[in-house]
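Asker: Just dropping this structure here.
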């Protein structure tokens, strides 16, 4: 019986804590001495260092003078400007899976950003979605 509880616990722990990327580069806000705030499962985490793990359902906010570059597992690169809020609603990418039902859904509630799509944008472009209240788009290539 104990083994069943342990396996169930490990399964759900892995499900809710899987890394989907890292904060690769950034500029710290000198006043806050940090890169960003992350809201994760009702808790607020202050990001003081690079290579910080990003997870599904994270809400990431940069400060007045901070900027971030996030690299996701499929090589999508998200550059966040000052005072930007990014919400990762959905991110499905597993190279080990036989099913290729990859998807990425992001919301930007305010601020500026640049996104360079990775494998999800190449394989499943219809499943790569970004929602904004208002935006101006520039396309390259």
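Asker: Can you pull out the residues in the range 105-117 that are within 20 Å of residue 81 (Cβ to Cβ) and surrounded by 15 or more Cβ atoms within 10 Å (Cβ to Cβ)? Steps first, please.
Answerer: Within the range 105-117, the first condition is being within 20 Å of residue 81 (Cβ to Cβ), and the residues that meet it are 106-117.
Answer for the range 105-117, where residues must be within 20 Å of residue 81 (Cβ to Cβ) and surrounded by 15 or more Cβ atoms within 10 Å (Cβ to Cβ): 106, 107, 108, 111, 112, 113, 115, 117.
Asker: Going through the range 118-141 one residue at a time, which ones are modelled with pLDDT of 75 or more and farther than 19 Å from residue 74 by Cα? So that I can check it myself, show each step before the final result.
Answerer: First pass over the range 118-141, keeping only residues modelled with pLDDT of 75 or more: 118-134.
Selection gives 131, 132, 133, 134.
Asker: Sticking with this structure for a sec: Tell me the strands (runs of 3 or more DSSP E) entirely within the range 12-93 that contain at least 3 residues that are touching a strand residue (DSSP E or B) at 6+ places or on another chain (Cβ under 8 Å) and more than 18 Å from residue 110 (Cα to Cα).
Answerer: On the way: elements: 19-27, 36-40, 43-47, 53-55, 59-62, 67-72, 77-80, 85-92.
Those strands (runs of 3 or more DSSP E) span 19-27, 43-47, 53-55, 85-92.
Asker: Moving to a separate point now. Go through the range 78-102 and give me each residue that's touching a residue at least 24 places away in the same chain (Cβ under 8 Å), surrounded by fewer than 16 Cβ atoms within 10 Å (Cβ to Cβ) and within 16 Å of residue 54 (Cα to Cα).
Answerer: Across the range 78-102, the qualifying residues are 89, 90.
Asker: Next up: Out of the range 118-140, which residues are loosely packed, with under 12 Cβ neighbours inside 10 Å and not in a helix (DSSP H, G or I)? Lay out the reasoning, then the answer.
Answerer: So the first thing to find is which residues in the range 118-140 are loosely packed, with under 12 Cβ neighbours inside 10 Å, and the list is 125-126, 133-140.
Listed by number, the residues that qualify are 133, 134, 135, 136, 137, 138, 139, 140.
The values are calculated or read from the model by the stated rules, or taken from the named source; none is laboratory data. The model shown is predicted, which means the values in this text are computed figures rather than measured ones. Glycine gets a Cβ as well: all are built from the backbone with ideal geometry, and neighbour counts include every protein chain shown.
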